[in-house]
Amino acid sequence: MGLTPRPEHRVVEYNPSSQEGWVATKLDFLVNWGRANSLWPMPFGTACCAIEFMATAASRFDLARFGMERMSFSPRQADVLICAGRVPFKLAPVIRRIWQQMPQPKWAIAMGACASSGNIFDNYAVVQGIDTIIPVDVYVPGCPPRPEGLMYGIMLLQEKVKSERMNDKTIRAEMEPDPKSKLYIPPPVIDELSEPFGNSVHQTRSGL
Amino acid sequence: MSDGFEIQYPGNALGNAAPAPVTPRDVPNRGGDQNPSGAALRQQFADAIERVDVVWGVTNVYVRPDRVLDIVRWLHDDSSQRYDYLSDVTAVEYRDLEAPIEVVWHLRSLPFRRELRLKAQLPKNKPLEIASVWSIYKCADWLERECFDMFGIRFIGHPDLRRILMWEQYREGFPLRKDFPLRGRFSRAEQLRQALAANPEARYSMEELSIADAFEDLPTDMRKRLKGGERTGE
Amino acid sequence: MATQKRTVEVALSTTGVDAAGRPQRVPLVTADDGSPVAVEAPPMVEPDLAGEHMLINIGPQHPATHGVLRLVLELDGETVVRCIPHIGYLHCGFEKLGEYRQYNQILPLTDREDYLNAMGNNVGCAMSAERLFGIEITERCKVLRVIACELSRIASHLVWLGTTCIDIGAFTPFLWAFQQREYIYDLIEAWVGARLTPTITRVGGLAADIPDGWMAQLGEFTRKFPHTVDEIDKMLTKNGIWVGRTIGLGVMTPEEATNWGLSGPMLRASGVAFDVRKDFPYYDYETYDFDVPVGTNGDVYDRYLVRMEELRQSVRIVEQAAKRLPDGPINVDDPRVILPNKSKATSEMESMIHHFKLVMEGPRPPLGEAYVAMESPKGEKGYYMVSDGTSKPVRWRIRPPSFVNLAAIPKMVEGHLLSDVIAINASIDIVMGEIDR
């Protein structure tokens with residue numbers, strides 16, 4: 001894997017001698033620039049990672065530098081779901097519901113090993129990675145990740161947002177789970193992802 | 001409220017001459033000082049006490065399962081015991097599948113600064129049932145519910161014995177039993193399917209909240225069904 | 001009466017509380033000349049005004065429930081008629097996992113269960129395992145563990161303070177509290193390398209000795225930290241809004257608190273001076289000079305005062321421990337649990353076999369069981385281990401203090417206003433990781 005080179009579209013033309021003060025750029029660039037720098041996070045904090053998320057938002061690390069100081073505790077006004085912590089099966093319908101309540105465009109960050117892969121909780125109670133419930137854009141490893149790690153994940157997400165194309169209809173398609181089983185990926189894939197080390201070798205939705 | 005409560009000090013029943021508690025050192029595996037309540041229990045309930053021993057400094061009292069409520073009530077009420085604090089209710093299942101399941105109560109007497117461990121053994125060939133101590137200690141409410149959720153032990157006399165940590169429709173069994181596999185009985189996809197099938201908003205209903213109040217007004221057949229243990233609302 | 005030193009000096013009487021305990025005239029700010037600015041008390045709400053009840057669901061995803069607690073409230077107007085808590089949204093099967101792990105491998109689980117008090121849990125769980133093995137740890141290890149416990153108590157109370165302030169409507173103390181937490185993180189990081197989940201203990205000792213210069217760093221922290229406590233104290237304790245939103249709420253009498261099994265600051269705020277460190281001491285806590293703050297009203301405000309005082313007392317304990325820290329080994333000299341020296345393990349055959357067997361098979365305690373209680377920031381935390389002689393416990397049970405404390409929430413909130421539910425819930429200091437395990 002690795003980061004694919006981004007198309008060079010950070011071009012802003014600006015003519016200072018013009019009286020009107022106009023700027024010429026691509027619409028894609030302008031929209032993505034706006035989106036990437038004002039992501040409103042919906043902190044779905046359940047466990048230890050939520051404390052590190054709070055530390056990231058607090059004095060020393062100051063998440064406001066990324067345009068993210070406005071925590072949106074209501075999913076209806078949020079852009080990015082940050083799932084910080086373990087997600088047991090009892091919580092699975094809740095996170096699915098919150099994801100469905102978020103309007104497009106939306107992204108998801110799985111913060112920490114538990115949200116990404118289930119971590120040491122390979123037992124009867126814990127979902128083995130939230131990517132079996134909702135599509136995930138960025139996985140942040142660590143138990144819990146340091147604030148720097150979360151910030152790196154957020155910066156990766158910003159890169160991803162900036163490389164989106166507005167006329168690409170596949171990006172913003174809403175996830176449609178199977179109406180009967182409510183699963184959005186086939187059961188064999190879920191079983192495969194839930195194997196020990198499953199997620200780290202099958203990064204299905206990382207997109208980068 | 002504004003005049004405040006009278007402050008209660010643990011150890012106040014011991015008097016001023018009692019030595020201050022110190023950190024236990026070199027606690028022996030077996031033997032050691034026995035909690036006086038052990039001997040008192042033997043005297044009071046000679047037929048109901050099966051065994052008293054001291055393991056790593058804590059007195060274990062094995063009691064007959066059908067006498068638990070009497071014994072705990074006596075320990076709580078008697079002025080020479082005053083076990084007013086219930087630390088924990090839990091159960092232990094051994095890897096030996098023949099061995100009985102043990103229900104364990106950790107009791108504390110704050111006035112006497114004592115701790116006592118009560119145990120009752122429930123053989124596996126009979127229904128796992130034991131008396132609830134909820135009528136004596138209110139904190140037993142959730143502790144016993146958790147014990148029921150994890151082991152399937154029914155506490156007779158508990159006002160609201162239903163699952164607490166797992167959801168009501170959980171169908172895989174009792175997780176802490178030794179015959180329950182670590183990863184559950186179903187495949188991951190099936191577990192996820194069952195979990196997602198639950199409607200997060202349907203877990204409470206008017207019935208769950210008000211059925212107890214409205215019980216007298218219900219139709220006769222519904223009352224009969226509810227008395228038979230039928231669950232509502234879910 | 002008591003055979004030990006206890007101080008009940010927390011000033012709990014606030015002017016302007018009527019006989020029913022409701023605030024009538026509360027001084028708004030710390031006025032130096034003593035002139036109080038009056039705040040009108042909210043009118044008493046009579047229950048059953050309208051007769052029609054409304055159902056409201058808070059959680060499981062709600063910022064004010066400190067995690068994934070869910071409260072279903074039946075309201076009459078704004079008054080709570082009934083409260084039904086639903087928990088288990090963070091049930092991760094810790095106790096089941098513990099039965100599949102060796103004693104040293106259980107310790108990382110304890111970090112993740114009450115994650116605010118990670119080091120304290122490590123100590124408690126190791127203490128329980130050591131009781132099971134019959135090990136007496138070294139003096140240096142004891143003192144270092146006391147320091148770890150108290151640092152983690154401070155860190156936990158700071159999170160409680162910050163989040164409670166946000167719940168009640170003050171944001172600044174959150175930033176101050178988290179700034180101090182970062183200094184504690186720096187200390188932990190210098191010691192073992194991790195911030196939140198350090199796993200500092202091993203059965204029979206510690207993961208690592210403290211590095212050079214660590215005590216100086218600790219001294220710096222204990223010197224500066226009380227200043228922050230004073231600042232927060234100055235900002236909140238006599239603040240009219242804070243007092244008005246906390247006083248007289250969620251009252252538990254001493255008898256009720258004992259019967260409901262409350263512990264820690266919740267129990268002490270209700271006037272029962274039970275502290276495991278004083279009454280069932282461990283690690284020589286009886287030789288440290290510290291006071292146990294006890295409240296006299298059992299309401300949210302008293303719990304706040306008790307926790308604020310505990311912050312100061314913890315600093316006292318850390319300072320005394322730092323003074324008495326002896327030299328010597330941190331691990332016991334017991335080949336049953338302690339790995340041989342690394343250089344020996346790679347050069348001597350016996351040591352290598354010993355190392356291999358300890359790592360692969362794990363230490364085996366004798367038959368028995370041990371319940372060890374410790375004073376966690378939330379209350380009495382117990383670890384109950386049952387051994388059948390193999391290298392993995394038959395049963396590993398956590399006695400979760402906030403689980404038992406939370407069970408009393410219906411009793412505490414019923415009859416109060418909806419907005420007070422948040423304050424009462426915050427005062428319990430719940431950690432869902434510990435409640436649901």
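The values are calculated or read from the model by the stated rules, or taken from the named source; none is laboratory data. Everything numeric in this text was worked out from a predicted model, so none of it was measured. FYI the Cβ positions are ideal-geometry reconstructions off the backbone, even for glycines, and counts take in every protein chain you see.
Summary table
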item	result
Single residue of B:I153, B:I136 found to be within 12 Å of chain C (Cβ to nearest Cβ), within 24 Å of B:R108 (Cβ to Cβ) and among the aliphatic types (A, V, I, L, M)	B:I136
Residue list for segment C:72-85, restricted to those being more than 22 Å from the chain's Cα centre (by Cα) and of a type outside the set (S, T, Y)	C:V72, C:L73, C:E74, C:L75, C:D76, C:G77, C:E78, C:V80, C:V81, C:R82, C:C83, C:I84
Entirely in segment B:107-223, the helices (runs of 4 or more DSSP H) that have 2 or more residues that are in contact with a Pro (Cβ under 9 Å, 6 or more places away or on another chain), modelled with pLDDT under 90 and small (G, A, S)	B:188-197
Which numbered condition A:R86 fails, given (1) assigned to a helix (DSSP H, G or I); (2) crowded, with 16+ Cβ neighbours inside 10 Å; (3) in contact (Cβ under 8 Å) with a residue 12 or more places away in the chain	(1)
Residue within segment A:54-69 that is within 30 Å of B:Y170 (Cβ to Cβ) and not acidic (D, E) present	no
Failed item in (1) assigned to a helix (DSSP H, G or I); (2) more than 18 Å from the chain's Cα centre (by Cα); (3) in contact (Cβ under 8 Å) with a residue 24 or more places away in the chain, with C:A216 passing the rest	(3)
Top-ranked residue in segment B:82-106 [being more than 7 Å from chain C (Cβ to nearest Cβ) and not in a loop (DSSP other than H, G, I, E, B); ranked as nearest to the chain's Cα centre (by Cα)]	B:V89
Criterion violated by B:G31 - all others in (1) over 25 Å from the mean Cα position of the chain (by Cα); (2) within 11 Å of chain C (Cβ to nearest Cβ); (3) not hydroxyl-bearing (S, T, Y) satisfied	(2)
Only listed residue being facing another protein chain (nearest Cβ under 10 Å) and either at pLDDT 90 or above or touching a His at 6+ places or on another chain (Cβ under 8 Å) (or both), chosen from C:A190, C:A118	C:A118
Selection within segment A:157-192 - more than 25 Å from A:V126 (Cβ to Cβ) and within 13 Å of the chain's Cα centre (by Cα)	A:Q158, A:E159, A:K160, A:V161
Residues being facing another protein chain (nearest Cβ under 7 Å) and crowded, with 21+ Cβ neighbours inside 10 Å - total across segment A:99-126	4
Subset tally (residues that are surrounded by 12 or more Cβ atoms within 10 Å (Cβ to Cβ) and over 20 Å from C:A129 (Cα atoms)) for segment C:314-353	18
Helices (runs of 4 or more DSSP H) within segment C:339-437 that include 3 or more residues within 30 Å of B:R108 (Cα to Cα)	C:401-406, C:409-413, C:418-428, C:432-436
Residue satisfying all of: in segment C:370-402; closer than 14 Å to C:V276 by Cβ and aliphatic (A, V, I, L, M); farthest from the other protein chains (Cβ to nearest Cβ) among these	C:M374
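Quick grid of which residues meet (1) within 21 Å of C:L305 (Cβ to Cβ); (2) buried (at least 24 other Cβ atoms within 10 Å of the Cβ); (3) among the aromatic types (F, W, Y):
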site: C:D388; (1), (2), (3): no, no, no
site: C:P393; (1), (2), (3): no, yes, no
site: C:I398; (1), (2), (3): no, yes, no
site: C:V404; (1), (2), (3): no, yes, no
site: C:E414; (1), (2), (3): no, no, no
site: C:L418; (1), (2), (3): no, no, no
site: C:N425; (1), (2), (3): yes, yes, no
site: C:D429; (1), (2), (3): yes, yes, no
site: C:E434; (1), (2), (3): no, yes, no
